[in-house]
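Notes follow the structure.
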Amino acid sequence: MKKLRILSGMRPTGKLHLGHYVGALENWVKLQENYDSFHLIADYHVLTTNLDTNHIYDNTIEMVIDWLAAGLDPAKSPFFRQSQIKEHTELFLIFSMLVTKARLERNPTVKEQARDLHISNIIYGHLGYPILQSADILLYKGEAVPVGEDQVPHIEITREVAKKFNQQWGKVFPEPQPLLTQFARLPGLDGNAKMSKSLNNSILLSDEPETVKQKLRKAVTDPQKIRKNDPGRPEVCLVFTYHKKFNPENVDEIESGCRSGQLGCVDCKLKCTEKINLFLEPIIERRKKYEADKEIVKDILIDGEKRGKEVARLTMQEVHEKMKLG
Ligand code: SF4
């Protein structure tokens, strides 16, 4: 039976953290077994909020190393950079004619981003990035897209774009469905709802055991649990969320120890550190191989870009034919 095609992507922001793993990578690794997966490095998307391009290439290599270390297999699912396959920008231009400004301004995700980044006067490229995302997905005829809740409005725009193109010029594109990631968000060490490198509240997939220990030592916990024997509220504590993810077999014991006051935060954090380090150990081990020889990573990109380019070329050929562009 033909496998469904999925397209997933990330902006290259350098080394990845546990939030990236839990919110996306873990799911991608599982999905690559049962889907025809393509993995996009969305380097042009970086420009929507940052015009400094000096680090994009190095950040790409670091991110790809983390993809590999986490278990993505480029033989099963090619990795490629948006900037190296020109068809992305061509399809973006065509799709830009199919979406109104008012439709883009209604998009809650871009509004939220602009608010978080204190952007009062949004640039055209940022407002229109869901259209570039639509081009990224539909260029490969993605039928499903693994996303968190916050990205669902973008998939809705992608479906609208596909429908409009198909109605206007004839059927080329599928209308992709979101594949919701279950454990979509991991809180940051400072208690922020989201782990983020820019907020300096993350544990990297490449952090050594001592670094993880030091970072967790400073993590925010229940503010009402001041002394070791005070009863705590695990439901408000981010360390408890980490236990749920990385130490599920002991979560009941941690919860009752915290509530009764028998478990202090120092010990609780040490138990959590141990589990996170156990989880990271094989990732760090695999990472070393690619760090030692980055040529392997470059070759993986060259191969992925060749495979991606071929699919993109065929799609654009079909687009040109339907649009009678010669
Ligand atoms: S004992 Fe653990 S779960 Fe409870 S507040 Fe402290 S760190 Fe959080």
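Details
- From Glu253, Glu291, residue being assigned to a helix (DSSP H, G or I), over 22 Å from the mean Cα position of the chain (by Cα) and surrounded by fewer than 17 Cβ atoms within 10 Å (Cβ to Cβ): Glu253
- Residue in region 73-90 that is among the acidic types (Asp, Glu), over 26 Å from Glu149 (Cα atoms) and without any contact (Cβ under 8 Å) to a residue 12 or more places away in the chain present: no
- Residue within region 258-271 that is within 27 Å of Phe38 (Cβ to Cβ) and among the hydroxyl-bearing types (Ser, Thr, Tyr) present: no
- If the condition is being at pLDDT 95 or above, surrounded by 15 or more Cβ atoms within 10 Å (Cβ to Cβ) and part of a loop (DSSP other than H, G, I, E, B), then region 193-208 contributes Asn201, Ser202, Ile203, Leu205, Ser206, Asp207.
- Contact map, region 304-326: first residue among the hydrophobic types (A, V, I, L, M, F, W, C), second residue crowded, with 18+ Cβ neighbours inside 10 Å and modelled with pLDDT of 95 or more, Cβ cut-off under 6 Å, separation 6 or more or different chains; pairs are Val311/Tyr140; Ala312/Ile85; Ala312/Glu87; Ala312/Leu139; Met316/Glu87.
- Test result for Pro174, of a type outside the set (A, V, I, L, M, F, W, C), in a loop (DSSP other than H, G, I, E, B) and either under 25 Å from Gly71 (Cα atoms) or within 14 Å of the ligand (Cβ to nearest atom) (or both): no
- Total residues in region 209-228, condition part of a loop (DSSP other than H, G, I, E, B) and surrounded by fewer than 12 Cβ atoms within 10 Å (Cβ to Cβ): 5
- Of the helices (runs of 4 or more DSSP H) lying entirely inside region 45-160, those containing at least 2 residues that are crowded, with 22+ Cβ neighbours inside 10 Å and not hydroxyl-bearing (Ser, Thr, Tyr) are 56-70, 87-96, 129-138.
- Top-ranked residue in region 266-280 [being of a type in the set (A, V, I, L, M) and more than 19 Å from Pro231 (Cβ to Cβ); ranked as nearest to the ligand (Cβ to nearest atom)]: Leu270
- For Lys298, the conditions (1) more than 16 Å from the ligand (Cβ to nearest atom); (2) not assigned by TED's automatic domain parsing to the domain that holds Ala70 are fulfilled apart from (2).
- Just one of (1) over 30 Å from Asp66 (Cβ atoms); (2) small (Gly, Ala, Ser); (3) touching a residue at least 60 places away in the same chain (Cβ under 8 Å) fails for Ala102. It is (3).
- Among the candidates Gln224, Gln262, residue that is within 13 Å of the ligand (Cβ to nearest atom), farther than 24 Å from His17 by Cβ and in contact with an Asp or Glu (Cβ under 8 Å, 6 or more places away or on another chain): Gln224
- Taking the listed residues Pro74, Pro146, Pro153, the one that is at pLDDT 95 or above and in the same structural domain as Val29 (by TED's automatic domain parsing) is Pro74, with no other qualifying.
- The number of residues in region 19-36 being in contact with a Lys or Arg (Cβ under 8 Å, 6 or more places away or on another chain) and either among the aromatic types (Phe, Trp, Tyr) or within 21 Å of Asp190 (Cβ to Cβ) (or both) comes to 4.
- Restricting region 229-250 to residues that are in a helix (DSSP H, G or I) and charged (D, E, K, R), the residue that is farthest from the ligand (Cβ to nearest atom) is Glu249.
The values are calculated or read from the model by the stated rules, or taken from the named source; none is laboratory data. The model shown is predicted, which means the values in this text are computed figures rather than measured ones. As a convention, Cβ positions derive from the backbone with ideal geometry for all residues, glycine included, and neighbour counts pool all protein chains shown.
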